[in-house]
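Colleague: Take this structure, written in structure tokens, and hold onto it; I'll ask about it next.
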Amino acid sequence: MTSDHGDTRAIHEGQDPDLPFGAVTVPIYQTSTYAQDDIAVPKVWDYGRGGNPTRDAFEIALASLEGGDRCFAFASGMSAETTLLLTLRPGDHVVLADDVYGGTYRLLTKVLGPWGLEMTTCDLADADALASAMRPETRFVWVETPSNPLLKIVDIQAVAALAHASGARVVVDNTFASPALQLPLDLGADIVVHSVTKYIGGHSDLIGGALVTSDTELIERLAFLVNAVGAVPGPMDAFLALRGLKTLGVRMQRHCGNAAAVASFLSSHEKVNQVYYPGLPSHDGHAVATTQMSDFGGMVSFTVASPDEAARVARSTRLFVLAESLGAVESLIELPGPMTHASVSGSPLEVPANLIRLSVGLEHPDDLIADLARALAP
């Protein structure tokens, strides 16, 4: 089906009623292999690592939402990143944003660094810094916007223009925004990366990842690697991801509204030193976010007086659950330094020890604000 509206495509694209029984919801094809008509004439699906009807439906829907020609689903966000980086060769170079998920930095430095992949970090909001970081061997410029955990905003169009002039591709991790709020491919990016675990899944009940692109060369190489490496999701996770995708638009509206209310409350609280939320006019990236996002997302970070105070606050909430991950219906609180970003400790990407990160869920905003007020109270 064709629609100009993502909310409609998320529910219908690649999801016609199933044959032969007419199931309205795409079934869970819990099978590892498929009967063939003949030895030399395989059907669309032959073995579950190469493809699965449930997974295909999810890939078609997410590709449509991101405006890409092809989506590849994976067992996790990290397996998606690993498979993408395996399109490179030893000696190739990646420019990485200086505020990214700790697991991405760990993958590039601890896993693929010894293999021969080279990396430079820089502030991608600084055009001069990016230009200085580029090399003839640079193959990818890797962007997170909004970033994790400092919510930095990077101008995707500006980065794409500079990277493409040097012959490099632009990778955008769109996990925090999701296609409901931001379409990196329309802004000049070449590949979109997702942790499907987060906003796309939306219910803290699956682990998954995805890549979306319209680059024909990359599509061919990734299609080979998906089957050869085999880091694919099972049909149940694909089913859950597709279910989450159907409500992504309406969930993101509530996430954004709640996060804006929480950010406003924190901005005026005497115990809060600084609030990181791109919806605030005081945010350094607010103007760019206004142009490339339809809303500002559900993530809020803030600092307090000390690491001990940050730990006390994180341990004191009742509705905000102390846990890693993000993007689900329930609100979560964490300290990135010792938790999700422990792998960047001592590196140029080290996170302030007094930083608290909130994944603002779908509870009533009054209850969330009251919970934070209690936790911040002496």
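The values are calculated or read from the model by the stated rules, or taken from the named source; none is laboratory data. These figures come from a predicted structure and were not determined experimentally. Virtual Cβ from ideal backbone geometry, glycine too; neighbours counted across all protein chains shown.
Colleague: Can you say whether ASP18 is part of a loop (DSSP other than H, G, I, E, B) and touching a Pro at 6+ places or on another chain (Cβ under 9 Å), as far as the supplied structure shows?
Modeller: Yes: the conditions hold for ASP18.
Colleague: Still on this model: If ILE200 passes every condition in (1) more than 17 Å from ARG9 (Cβ to Cβ); (2) in a loop (DSSP other than H, G, I, E, B) but one, which one does it miss?
Modeller: Going through the list (1) more than 17 Å from ARG9 (Cβ to Cβ); (2) in a loop (DSSP other than H, G, I, E, B), ILE200 breaks only (1).
Colleague: Residue check, ASP371 against (1) part of a loop (DSSP other than H, G, I, E, B); (2) buried (at least 16 other Cβ atoms within 10 Å of the Cβ); (3) among the charged types (D, E, K, R), all met but one. Which one?
Modeller: Going through the list (1) part of a loop (DSSP other than H, G, I, E, B); (2) buried (at least 16 other Cβ atoms within 10 Å of the Cβ); (3) among the charged types (D, E, K, R), ASP371 breaks only (1).
Colleague: In the list VAL26, VAL44, which residue meets the criterion of being in contact with a Ser or Thr (Cβ under 7 Å, 6 or more places away or on another chain) and assigned by TED's automatic domain parsing to the domain that holds PHE224?
Modeller: Working: VAL44 fails: in contact with a Ser or Thr (Cβ under 7 Å, 6 or more places away or on another chain).
That would be VAL26, the only listed residue that is in contact with a Ser or Thr (Cβ under 7 Å, 6 or more places away or on another chain) and assigned by TED's automatic domain parsing to the domain that holds PHE224.
Okay, residues lined up against (1) over 14 Å from LEU211 (Cβ atoms); (2) touching a residue at least 60 places away in the same chain (Cβ under 8 Å); (3) in a strand (DSSP E or B); (4) of a type in the set (D, E, K, R):
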{"residue": "SER79", "(1), (2), (3), (4)": "no, yes, no, no"}
{"residue": "LEU96", "(1), (2), (3), (4)": "yes, no, yes, no"}
{"residue": "VAL100", "(1), (2), (3), (4)": "yes, yes, no, no"}
{"residue": "TYR105", "(1), (2), (3), (4)": "yes, yes, no, no"}
{"residue": "TRP115", "(1), (2), (3), (4)": "yes, no, no, no"}
{"residue": "ALA125", "(1), (2), (3), (4)": "yes, yes, no, no"}
{"residue": "ALA129", "(1), (2), (3), (4)": "yes, no, no, no"}
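Colleague: Follow-up question, since we're still on this one. Would you be able to say whether some residue in the stretch 52-59 is surrounded by fewer than 18 Cβ atoms within 10 Å (Cβ to Cβ) and either in the same structural domain as THR340 (by TED's automatic domain parsing) or touching a residue at least 40 places away in the same chain (Cβ under 8 Å) (or both)? Give the steps one after another, and end with the answer.
Modeller: To start, the set of residues in the stretch 52-59 that are surrounded by fewer than 18 Cβ atoms within 10 Å (Cβ to Cβ) comprises none.
No, the stretch 52-59 has no match at all.
Colleague: Quickly run through the stretch 151-179 and pick out the residues that are under 12 Å from the mean Cα position of the chain (by Cα) and part of a loop (DSSP other than H, G, I, E, B).
Modeller: Result: ASN174, THR175, PHE176, ALA177, SER178, PRO179.
Colleague: Residues that are within 25 Å of SER195 (Cβ to Cβ) and of a type in the set (D, E, K, R): list the strands (runs of 3 or more DSSP E) wholly contained in the stretch 255-337 that include at least 2 such residues.
Modeller: Where strands (runs of 3 or more DSSP E) fall fully within the stretch 255-337, none carries at least 2 residues being within 25 Å of SER195 (Cβ to Cβ) and of a type in the set (D, E, K, R).
Colleague: Further question on the same structure: From the list ARG70, ARG49, which one is among the charged types (D, E, K, R) and buried (at least 18 other Cβ atoms within 10 Å of the Cβ)?
Modeller: ARG70
Colleague: Scanning the stretch 348-368 for residues that are surrounded by fewer than 24 Cβ atoms within 10 Å (Cβ to Cβ) and touching a strand residue (DSSP E or B) at 6+ places or on another chain (Cβ under 8 Å), which turns out farthest from PHE265 (Cα to Cα)?
Modeller: Ranking the candidates gives PRO348 first.
Colleague: Taking only the stretch 312-338 into account, find how many residues are surrounded by 17 or more Cβ atoms within 10 Å (Cβ to Cβ), free of Cβ contacts under 8 Å to residues at least 40 places away in the same chain and aliphatic (A, V, I, L, M).
Modeller: Within the stretch 312-338, residues that are surrounded by 17 or more Cβ atoms within 10 Å (Cβ to Cβ), free of Cβ contacts under 8 Å to residues at least 40 places away in the same chain and aliphatic (A, V, I, L, M) number 3.
Colleague: To continue, here is another question. Just to be sure before I move on: is VAL272 in contact with a strand residue (DSSP E or B) (Cβ under 7 Å, 6 or more places away or on another chain) and either loosely packed, with under 14 Cβ neighbours inside 10 Å or not assigned by TED's automatic domain parsing to the domain that holds ILE11 (or both) in the structure I sent?
Modeller: Yes: the conditions hold for VAL272.
Colleague: Among all residue pairs at least 6 apart or on different chains, which show Cβ distances below 7 Å where the first residue, located in the stretch 200-219, is over 12 Å from LEU62 (Cβ atoms) and touching a residue at least 24 places away in the same chain (Cβ under 8 Å) and the second is buried (at least 24 other Cβ atoms within 10 Å of the Cβ) and among the polar types (S, T, N, Q)?
Modeller: LEU206/THR197; ILE207/THR197; ILE219/THR213
Colleague: Right, here's the next one. For the stretch 328-378, how many residues are out of contact with any Phe, Trp or Tyr (no Cβ under 6 Å at 6 or more places or on another chain) and closer than 30 Å to LEU107 by Cα?
Modeller: 29
Colleague: From the residues in the stretch 81-94 that are of a type in the set (A, V, I, L, M, F, W, C) and part of a helix (DSSP H, G or I), which one is surrounded by the fewest Cβ atoms within 10 Å (Cβ to Cβ)?
Modeller: Per the criteria, the residue is LEU85.
Colleague: Considering only residues of the stretch 285-298 that are more than 13 Å from ASN174 (Cβ to Cβ) and of a type outside the set (Ser, Thr, Tyr), which is surrounded by the most Cβ atoms within 10 Å (Cβ to Cβ)?
Modeller: GLY298
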